Amino acid sequence: MNEFTEFMGKQIKKVRKEQKVFIEDLAHGMNLSPQTIRNIEQGKRKVTADELVQLMDFFEKDLDYFTDRFQTDDIDLHISKEKNGY
């Protein structure tokens, strides 16, 4: 997939583990298969807008949690490259 999809998958896995939620429980709560959750966490499948809303509700996190770090890192990387003449 792409970097954003991989980043979002890592964030989902991170919060799932922090909150001690099993893949099967998350899958059941979202009406998805455990394999679909694995594919999302591994960046092999994109999250739909509806699924993102479900994730935000399930984990009580806002949109920034799942997306902001990627955008910030991307901006920092771009600025760093400009400073170094790349």
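Among the candidates Thr5, Thr36, the residue that is under 15 Å from the mean Cα position of the chain (by Cα) and in contact (Cβ under 8 Å) with a residue 12 or more places away in the chain is uniquely Thr5. Does any residue of the range 62-77 turn out to be assigned to a helix (DSSP H, G or I), over 14 Å from the mean Cα position of the chain (by Cα), at pLDDT 95 or above and among the acidic types (Asp, Glu)? No, every residue in the range 62-77 fails to be assigned to a helix (DSSP H, G or I), over 14 Å from the mean Cα position of the chain (by Cα), at pLDDT 95 or above and among the acidic types (Asp, Glu). Taking (1) basic (Lys, Arg); (2) on the phi > 0 side of the Ramachandran plot; (3) at pLDDT below 95 in turn, Lys83 satisfies each apart from (2).
For the subset of the range 1-46 comprising residues that are β-branched (Val, Ile, Thr) and farther than 16 Å from Phe58 by Cα, which member is modelled with the lowest pLDDT? Selected residue: Thr5.
The values are calculated or read from the model by the stated rules, or taken from the named source; none is laboratory data. For clarity, every value in this text was computed on a predicted model and none was experimentally measured. Neighbour counts are summed over all protein chains in view; Cβ atoms, including those assigned to glycine, are modelled from backbone coordinates with ideal geometry.
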